[in-house]
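Read through the structure below, which is laid out as structure tokens, and then see the notes.
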Amino acid sequence: QGTADDSVYRAWGEKAGIQAVMQDFVTRLQADARMAPFFKNANREHLVTQLTEQLCQQSGGPCTYKGVPMKEAHESMDIGRRDFNALVEVLQQSMEAKGIPFAAQNAMLARLAPMYRDIINRP
Ligand code: HEM
């Protein structure tokens, strides 16, 4: 890792910790009344794998997300700011359930938040 700052990655329990949160997250997304319409037909395993790679990279871990770019992955969906915020709320539930320290929760959210530009496609 050289001098790269992987403190958020370590605070999340490295790749296994991130994967555990993502498993919980996808379960909750499919159960949440607001999110289920988006995720009901999702390929669970694929989504967990790709989200884990994405958050591993974003947290400074030794991963490179090689999946579909965020804009492309979401452009066929009708996603607004309210939907984005609801997804973040569900992620907060998962981070809390898995005991991610609060500062490390916020650090991750800060790194994901700018992606909203590529993900939402209506106000
Ligand atoms: C920072 C926020 C988000 C991140 C990091 C993220 C990340 C991802 C990733 C990595 C994939 C997998 C792409 C692929 O390989 O096909 C994906 C797919 C998907 N995302 Fe997002 N996403 C975010 C927000 C959202 C929001 C707000 C919605 C809808 C409310 C959404 C709905 C979906 C759906 C339905 C899929 C396809 C699942 C499947 O069919 O397998 N995402 N997202």
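The values are calculated or read from the model by the stated rules, or taken from the named source; none is laboratory data. Bear in mind the structure is a predicted one, so any value in this text is a computation, not a measurement. Glycine also receives a Cβ, built like all others from the backbone with ideal geometry; neighbour counts cover every protein chain displayed. When the accessible area is computed, the model is the full protein with side chains, heavy atoms only, and any ligands, DNA or RNA have been set aside. Shrake-Rupley method; radii C 1.70, N 1.55, O 1.52, S 1.80 Å.
General remarks:
- Highest mean packing comes first when the peptides 109-117, 56-64 are listed by Cβ atoms within 10 Å, giving 56-64, 109-117.
- Accessible area expressed per residue, the chain, with surrounding protein chains retained (probe 1.4 Å, Å²): 58
- Spacing of the modelled spin labels on Asn43 and Asp5, each 7 Å from Cα toward Cβ, amounts to 3.5 nm.
- Exceedance of the 24 Å cut-off in Cα-Cα distance is limited, within the set Lys40/Lys71; Lys66/Lys98; Lys71/Lys98, to Lys66/Lys98; Lys71/Lys98.
- The convex hull built on the alpha-carbon positions of the chain has an orientation-averaged projected area of 7.2 nm².
- Nearest-0.05 FRET efficiency for Gln57 and Arg122, computed from C-beta distance (R0 35 Å): 0.80
- Added length on full extension, which subtracts the Cα-Cα distance from 0.36 nm per residue, Ala36 to Phe102: 21.1 nm
- Per atom type, the range 8-119 shows carbon and sulfur on 52% of its accessible surface, probed at 1.4 Å.
- Ser76/Leu109 FRET efficiency (R0 30 Å; Cβ-Cβ; nearest 0.05): 0.75
- Secondary-structure-derived ellipticity at 222 nm for the chain, considering helices only, amounts to -19000 deg cm²/dmol, per-run term -39500 (n - 2.57) for DSSP H runs with n ≥ 4.
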